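What follows is a short report on a single structure.
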Amino acid sequence: MLCWGAKPKIPAMIIGRAGIAPPCRKIIMLAYYLTLFVVLYNHRDTIQTSMKKEKTVDFHIKWSWHTISRMYNAYAARYDMTMAIGYVLLNIDTEHGTPATKIGPTLGMEPRSLVRMLKSLEERGWVRREIDDNDKRFVRIVLTEEGRRRREMAREGVIQFNQMIRERIPLDKLVVFFDVIKDINRIVEEENQKLKANETEELTLE
């Protein structure tokens with residue numbers, strides 16, 4: 001790292017060992033720093049745009065979610081659940097159940113992962129499948145009595161966490177936080193739409 005106030009020990013050491021006469025040393029040192037300045041100037045964009053991971057937006061979002069996930073999983077483990085199970089239960093309507101096709105997209109789960117999850121919950125007796133009488137392809141996931149009880153446990157964990165946050169963080173900060181998160185989601189979604197449009201255009205051209 002360059003320190004402008006420090007003595008040029010390394011260049012001076014090299015010059016001294018080379019046996020260069022003192023009158024020429026200042027000229028060589030000046031040339032050394034001019035060269036260094038040119039190199040730094042030519043790479044100014046790289047230096048200015050370099051960013052530590054701690055300064056990136058996505059790092060803090062990912063790190064926060066990782067911390068929250070650990071907390072939720074520790075809470076859920078006391079009730080023989082995981083955070084993922086809790087979120088699935090919370091997204092099933094307590095009265096009428098929820099179509100299986102709507103649960104995955106809501107949680108961002110892959111179809112295979114959701115199928116395994118629902119099978120596990122069905123084996124535990126927390127949910128059951130009901131096939132529509134008019135359309136046999138239509139499957140609704142319904143909570144059992146035990147499933148409702150487990151769902152309430154998961155709901156209580158979410159409420160406790162949000163109450164804790166609201167008690168410790170002023171409302172005005174939370175309002176700004178929600179506004180910023182909405183803007184980030186909007187920007188990312190717009191970028192995703194652009195990428196999808198480009199992919200479609202490339203496929204069409206091929």
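Read-outs: derived from the displayed coordinates by stated rules, not from any lab. A quick note: this is a predicted structure, and the numbers were derived from the prediction, not measured. Note that we place each Cβ from the backbone using ideal geometry, even for glycine, and neighbour counts take in every protein chain shown.
Assuming a ≥ b ≥ c are the square roots of the Cα gyration tensor eigenvalues, decide whether the range 84-206 counts as rounded (a/c under 1.5), prolate (otherwise, with a/b larger than b/c) or oblate. Please report the intermediate quantities before stating the final value.
Numbers: a/c = 2.85, a/b = 1.10, b/c = 2.60.
Oblate shape, in that a/c is at least 1.5 and b/c is the bigger or equal ratio.
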(message) Tell me which trypsin sites (Lys or Arg not before Pro) from the range 131-175 have a DSSP coil assignment and no more than 11 other beta carbons within 10 Å of their own.
(response) Lys136, Arg137
(message) Neighbour counts of other C-beta atoms within 10 Å: give me Glu190, Glu167, Glu152 arranged from fewest to most.
(response) Glu167, Glu190, Glu152
(request) Please report, in debye to the nearest 20, how large the charge dipole of the range 104-206 is about its Cα centre when each Lys and Arg carries +1 at its beta carbon and each Asp and Glu carries -1 there. (result) 700 debye
(request) Please work out how much length the chain gains when fully extended from Ile181 to Glu152, using 0.36 nm per residue of separation minus the C-alpha to C-alpha distance, in nm with one decimal. (result) 7.7 nm
(message) Just want to confirm a number: the relative contact order over the range 69-168, from Cα pairs under 8 angstrom separated by 6+ residues, in percent.
(response) 30 percent
